[in-house]
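Report on the structure given below.
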Amino acid sequence: MKSNHVVRRSKDCLRPGCIPLATILCMCCVLSLGSDVRADGFCFEAAASYAAGTRPYSVAVANLDGDGDKDLAVADYSTNNVSILKNNGDGTFAAPVNYAAGTTPYAVFAADLDGDGDIDLAVANGFSANVSVLKNNGDGTFATASNYAAGDGPYSVAAADLDGDGKADLAVANFFSNNVSVLKNNGDGTFAAAVSYPAGSGPRSIYAADLNGDGKRDLAVADASSGNVSVLMNIGNGTFFGAVSYPVGSSPYSVLAADLDGDGKADLAAANNLSNNVSVLKNNGNGTFAAAVNYPAGSSPYSVFAADLDSDGKADLTVANFGSGNVSVLKNNGGGTFAAAINHAVLSGPSSVIAADLDGDGDSDLAVSNTFSSNVSVLINCRPVCACTSHGDVKADGAFDVFDVIDLIDYVFAGAAQPITDPTCPHVDRGDVDCNGVDDVFDVVYLIDFVFSGGAPPCNPCACSPYPANCP
């Protein structure tokens, strides 16, 4: 299938003097070319769509075929299968290959379940009351599913080492039986009988993370019918204390755990389907949580995920809005507070979103399953690439010469126009030759010494890498 990307970053533009096409067409820092190109640090190419099975409800990302690129696995609830879309190596994807799962698969999770180094799949089958495990043959193809009984209405599954033996166990949220099933790994990717723990009403999503800092994976569950998040603390051997509930918005469909405020503790975020917002619950430091703070998203949020989308070191939030056909991105302001949502169009009925580096350029892209349009949207992060220029190249012509010296002297001593900044990276002031934050006589002396006497080069010379150090 051919991608409909409007811009592709040139991966072979790594030589001095070469300005990548994406640098010209996607100057996110300074231009606004519609809803997909922003001046606030977020920039995504227009969504490219790839066919999946019928009614895809969940998407997972992992290197399934061992080639180093991130592939997609999609749970298709109307066709009772999992679609595998292999990455072509550049963030575009091949046609899907389908593998049978159980009845009405609602969620898929990718993890090494049998300890052989390959990524296998676990699938929660909503109407067959079980979990399918599809073992990887080692090349991104999968063996016939093995099914393990769970509770009634498994809507979500997570894989994590819950009992500390180094093997990935399974945790399942059972919507109709109002509980969580834990299936311990026998050590070879087969699983023991499920043990159930009560949760709230209508558990729809489950996430495993160390919430209290004791090194053991706890469970967070979004209880859609009771409007809360249940937290089940791990006793230490893969058994769990009783659920403690925290109110969020109305009908939470999704929950995740991530360090949102930078204190090293896992906080919680929940996507609230009926209140059209995202709840953020900060960790008090001991696995208890402060009252939820709500942030508006789009219409009928189904899924939330956290990742650093603007490369500032903080975890931002992205939300799949089932009712409005878009994904919201909420920038982390620092301290676990979030800016107003910015929406990016996908297709019909987005039900799941996940962030990962899909095109291999080092930043996080988005993959979204679109239930009603039976496809997956991929939004490539087009964070701006600095042109091959640096401090000291005052005229921005790729050379360091007498004309740069003249322009800098005119600015510093005669009040001429300030040396231009890099159009794709306004953090770079070409006249600030010594990188001290001002353009002054010392920069003039520094540049003269470099141009005429072979002195030290200007600070932060651009090596024409995708993300130079001087373009944070």
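In whole percents, the pair-distance distribution calculated for the stretch 118-230 from its alpha-carbon pairs, binned every 10 Å from zero, is 16, 46, 31, 7, 0. Length available on full extension from THR141 to ASP357: 0.36 nm per residue minus the Cα-Cα distance, which gives 75.6 nm.
May I ask you to compute the full-extension gain from VAL402 to THR337, defined as 0.36 nm times their residue separation minus their alpha-carbon distance, rounded to one decimal in nm? Going from the current span to full extension adds 18.5 nm. A simple count of charges around CYS459, restricted to other residues whose Cβ falls under 9 Å of its Cβ and scoring Lys, Arg +1 and Asp, Glu -1, yields -2.
Net charge in the neighbourhood of ASN286 (other residues with Cβ under 10 Å of its Cβ; Lys, Arg +1, Asp, Glu -1) is 0.
Where the alpha-carbon atoms of the stretch 290-333 are placed on the principal axes, they occupy 31, 26, 13 Å, in descending order. For the set LYS282/LYS331; LYS86/LYS216; LYS331/LYS395; LYS86/LYS135; LYS70/LYS314, the pairs lying more than 28 angstrom apart at their alpha carbons are LYS86/LYS216; LYS331/LYS395. Accessible surface comparison of ARG430, ARG204, ARG55, ARG217, probe 1.4 Å, protein chains only, largest first: the order is ARG217, ARG55, ARG204, ARG430. Surface composition of the stretch 68-221: carbon plus sulfur atoms hold 46% of the accessible area, using a 1.4 angstrom probe and ignoring ligands, DNA and RNA.
The values are calculated or read from the model by the stated rules, or taken from the named source; none is laboratory data. Quantities reported herein were computed from a predicted structural model and do not represent experimental measurements. Cβ atoms come from the backbone with ideal geometry, glycine included; neighbour counts cover every protein chain shown. Only protein heavy atoms, including side chains, enter the accessible area calculation; ligands, DNA and RNA are left aside. Shrake-Rupley method; radii C 1.70, N 1.55, O 1.52, S 1.80 Å.
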